[in-house]
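Input: a single structure, listed below in structure tokens.
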Amino acid sequence: MGTGGFMAAGMLMPMVRFAIDPILKTEAASDMVDIDMKVDDITTEPQMKKFKVHQVDGWYESDVEQAAFVFKNDKGDIVALSPVCKHLGCTVDWGTNPAYPDEFFCPCHAGRYYKDGVNVEGTPPLAPLDVYEMDIKDGKVFLGKPMPHPKA
Amino acid sequence: MKWNSKEIDIYLTSKEYVDTAFITLIPISFNGEMKQSVAMGEFSTVLTNEIERQLHGRTLAFPPFTYLKSEEREKKLNRLKEWTSKLFEQGFQHLFLFTSDTEWKQFEHDLDAALIWLPVIPLEHMDGKYKAEILQEQTKQLLQIVTNKWQTES
């Protein structure tokens with residue numbers, strides 16, 4: 001291979017890399033996952049629902065377990081909140097603190113959130129719980145990615 | 001938090017919130033006992049991972065403490081005590097040791113950490129959904145043990 005061939009390889013290489021390297025591929029449009037929950041089963045009481053999301057991280061593919069609190073708010077809208085505490089990432093639970101039965105509570109550092117996911121001021125979390133992207137199809141709930149709360 | 005570069009960075013900046021250490025005790029043996037040792041290690045690892053995930057912000061899960069089943073008792077006990085005293089020195093206030101190896105039960109009083117013994121459930125013979133339910137039930141109980149300790153000692 002002469003100098004010309006070497007240079008041609010240099011131009012071609014980046015393109016080949018894009019073609020084969022999964023790390024460089026752009027992510028597919030956000031995938032909505034069927035969480036196996038019917039709209040009719042949703043009440044005003046937040047229910048913890050676990051589901052699996054297929055994740056590709058570079059070359060490593062795995063099924064990651066995720067969870068959401070699904071419920072109907074005062075307006076009757078269905079909401080899916082992420083249970084991951086915005087303080088340091090523990091898992092919050094609904095109504096487990098007897099002093100605050102209608103709030104989400106984090107067992108690690110006593111962080112609290114109102115039912116709509118907004119953090120109670122003066123407790124450790126500095127932001128509201130994330131809200132999942134959601135789709136309702138054929139009476140079933142599909143969730144996408146957890147996104148920052150609209151009130152954040 | 002886990003023992004990896006990304007999460008240790010978070011630990012280093014929020015040390016004051018992390019006062020609890022998790023260590024899994026994993027035996028290694030060969031021949032007839034090999035399979036049993038593997039199952040023990042696997043089971044306690046799965047549970048430690050799950051409870052770490054739920055109590056992520058206040059706990060640091062250390063790499064497992066591994067030992068040969070044939071290692072002399074005093075020797076492995078002293079080795080483990082060296083770990084635990086180092087961790088207390090580093091400011092950890094609550095130490096939890098997770099294991100499925102019954103041998104540690106005899107040493108429970110010699111250890112200054114909370115030893116949690118988990119009887120192995122043969123998960124390999126169960127289907128996915130049932131397995132998840134059992135693990136969830138087990139983690140729930142572990143969570144209670146840990147959070148109770150936090151409440152009574154703070």
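Things to note:
- A:F71 vs. criteria part of a strand (DSSP E or B) and within 12 Å of chain B (Cβ to nearest Cβ): no
- Subset of the range B:3-14 (residues that are within 11 Å of chain A (Cβ to nearest Cβ) and either assigned to a helix (DSSP H, G or I) or open to solvent by 60 Å² or more (accessible area, probe 1.4 Å) (or both)): B:E7, B:I10, B:Y11, B:T13
- Residue within the range B:93-102 that is in contact (Cβ under 8 Å) with a residue 12 or more places away in the chain, within 17 Å of the chain's Cα centre (by Cα), farther than 30 Å from A:D63 by Cβ and assigned to a loop (DSSP other than H, G, I, E, B) present: yes
- Qualifying residue in the range B:101-113 (condition: within 14 Å of another protein chain (Cβ to nearest Cβ) and within 29 Å of A:D93 (Cβ to Cβ)): no
- Just so you know, in the range B:39-78 the residues that are crowded, with 16+ Cβ neighbours inside 10 Å and in a strand (DSSP E or B) include one that is farthest from the other protein chains (Cβ to nearest Cβ), and it is B:Y67.
- Of all the listed residues (A:L126, A:L143, A:L88), the sole one being surrounded by 13 or more Cβ atoms within 10 Å (Cβ to Cβ) and assigned to a loop (DSSP other than H, G, I, E, B) is A:L88.
- Selection of the range B:85-112 for residues being modelled with pLDDT under 95 and among the aliphatic types (A, V, I, L, M) yields only B:L111.
- Any hit, the range A:101-112, residues being touching a strand residue (DSSP E or B) at 6+ places or on another chain (Cβ under 6 Å) and either touching a residue at least 40 places away in the same chain (Cβ under 8 Å) or open to solvent by 70 Å² or more (accessible area, probe 1.4 Å) (or both): yes
- Positions within the range B:115-152 being open to solvent by 100 Å² or more (accessible area, probe 1.4 Å), acidic (D, E) and away from every other protein chain (no Cβ under 11 Å), in sequence order: B:E124
- Single condition B:N31 does not satisfy, out of (1) on the phi > 0 side of the Ramachandran plot; (2) crowded, with 18+ Cβ neighbours inside 10 Å: (2)
The values are calculated or read from the model by the stated rules, or taken from the named source; none is laboratory data. Everything numeric here is computed off the predicted structure, so don't read it as measured data. As a convention, Cβ positions derive from the backbone with ideal geometry for all residues, glycine included, and neighbour counts pool all protein chains shown. Accessible surface areas use protein heavy atoms only, side chains included; no ligands, DNA or RNA. Shrake-Rupley method; radii C 1.70, N 1.55, O 1.52, S 1.80 Å.
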